[in-house]
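The values are calculated or read from the model by the stated rules, or taken from the named source; none is laboratory data. Nothing here was measured: the structure is a model prediction, and the numbers come from that model. Reconstructed Cβ throughout: ideal geometry from the backbone, glycine too, with neighbour counts over all protein chains shown.
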Amino acid sequence: MNTLDDDPTAVTLPSASFPYLRPVNRLIVLVPESLADPVGVARNIWGLARSLDGSVQLVSLCKDLLQEPSLRRQLVFLSVMVSDGFVSVESKVEYGNNWLKVVKSTWHERDVVVCFDGQHAGLTYKPLSQLIESNLKLKVYVLNGGDQVRPARPNWLSSVIAWGGSLGILAAFFWMQVQILEIPQTWAQNALMYLSIPLEAGLIWGWNTLFP
């Protein structure tokens, strides 16, 4: 993984990759839904493109049609900021939720992939750069300025999990209380039953506080 800080002339590379900043074909920049510092990001992209003597392909991934206008506005802004007489820029929006598929279909020989430090993907929510390097065996530059947060669970999913957990607790305590009633000593039955009821209520309350 390669990193680039806020100074576009300062490029930090591992010794095994791009040792002489050889010219490349394109920088495939995987633009997240939002950027913490769009101007700084544009400056870094421009500096890296000049260093590697390549053009820039901006790509955004649209998971919801409602977010498409904001994604396109962001791409237009970056295109205007990055492009000049030395660096040419193209941009596109892909649809879906699989960055690996997008990279695989876009990448060609002598292209390099660029993503951001706040980007994560996959069921395990790993950094996007790690997923690309491990699955596609491509070198990745990571820029500062990503502002992607872990997506919140949909409300319906939270409700399903909350109700499922509560019903599971009720079922477990119902089974336990049935076992208590089989104890021959009445005093033991009463003591354990009185103990289990507040414990059951406390567990249900605690579980539901996790799901506002």
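Starting from residues that are exposed (fewer than 15 other Cβ atoms within 10 Å of the Cβ) and free of Cβ contacts under 8 Å to residues at least 24 places away in the same chain, keep the ones in segment 123-144 and report whichever is nearest to the chain's Cα centre (by Cα).
126
Could you give me the residue pairs with C-beta distances under 7 Å whose first residue belongs to segment 165-192 and is closer than 23 Å to residue 205 by Cα, whose second residue is assigned to a helix (DSSP H, G or I) and of a type in the set (Asp, Glu) wherever it lies, and which are 6+ apart or on separate chains?
169/200; 173/200
Do you know which residues across segment 64-83 are under 24 Å from residue 95 (Cα atoms) and either out of contact with any strand residue (DSSP E or B) (no Cβ under 8 Å at 6 or more places or on another chain) or outside the structural domain of residue 112 (by TED's automatic domain parsing) (or both)?
Across segment 64-83, the qualifying residues are 64, 65, 66, 67, 69, 70, 73, 77, 80.
What's the total number of residues in segment 78-116 that are outside any strand (DSSP E or B), buried (at least 16 other Cβ atoms within 10 Å of the Cβ) and touching a residue at least 60 places away in the same chain (Cβ under 8 Å)? Working first, answer last.
Within segment 78-116, the first condition is being outside any strand (DSSP E or B), and the residues that meet it are 78-88, 96-111.
Within this subset, residues satisfying the condition of being buried (at least 16 other Cβ atoms within 10 Å of the Cβ) are 78-79, 81-83, 87, 99, 102-103, 106-107, 111.
Filter again for touching a residue at least 60 places away in the same chain (Cβ under 8 Å), leaving 99, 102-103, 106-107, 111.
The number of residues fulfilling the criteria is 6.
If you check residue 109 against the conditions, is it over 12 Å from residue 30 (Cα atoms), among the acidic types (Asp, Glu) and in the same structural domain as residue 135 (by TED's automatic domain parsing)? Quick ask: steps written out before the conclusion?
Working: over 12 Å from residue 30 (Cα atoms): yes; among the acidic types (Asp, Glu): yes; in the same structural domain as residue 135 (by TED's automatic domain parsing): yes.
So residue 109 fits the description; yes.
I'm told residue 142 meets every condition in (1) within 21 Å of residue 35 (Cβ to Cβ); (2) assigned to a loop (DSSP other than H, G, I, E, B); (3) of a type outside the set (Asp, Glu) except one. Can you identify the failing condition by its number?
If we test residue 142 against (1) within 21 Å of residue 35 (Cβ to Cβ); (2) assigned to a loop (DSSP other than H, G, I, E, B); (3) of a type outside the set (Asp, Glu), just (2) comes out false.
Residue under question is residue 178, and the condition is that it be at pLDDT below 80 and either surrounded by fewer than 10 Cβ atoms within 10 Å (Cβ to Cβ) or assigned to a helix (DSSP H, G or I) (or both); does it hold?
Details: at pLDDT below 80: no; either surrounded by fewer than 10 Cβ atoms within 10 Å (Cβ to Cβ) or assigned to a helix (DSSP H, G or I) (or both): yes.
When the stated conditions are applied, residue 178 does not pass them.
A quick yes/no check of all residues on (1) among the hydrophobic types (A, V, I, L, M, F, W, C); (2) modelled with pLDDT under 90; (3) surrounded by fewer than 16 Cβ atoms within 10 Å (Cβ to Cβ); (4) part of a helix (DSSP H, G or I):
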{"residue": "6", "(1), (2), (3), (4)": "no, yes, yes, no"}
{"residue": "29", "(1), (2), (3), (4)": "yes, no, no, no"}
{"residue": "45", "(1), (2), (3), (4)": "yes, no, no, yes"}
{"residue": "50", "(1), (2), (3), (4)": "no, no, yes, yes"}
{"residue": "66", "(1), (2), (3), (4)": "yes, yes, yes, yes"}
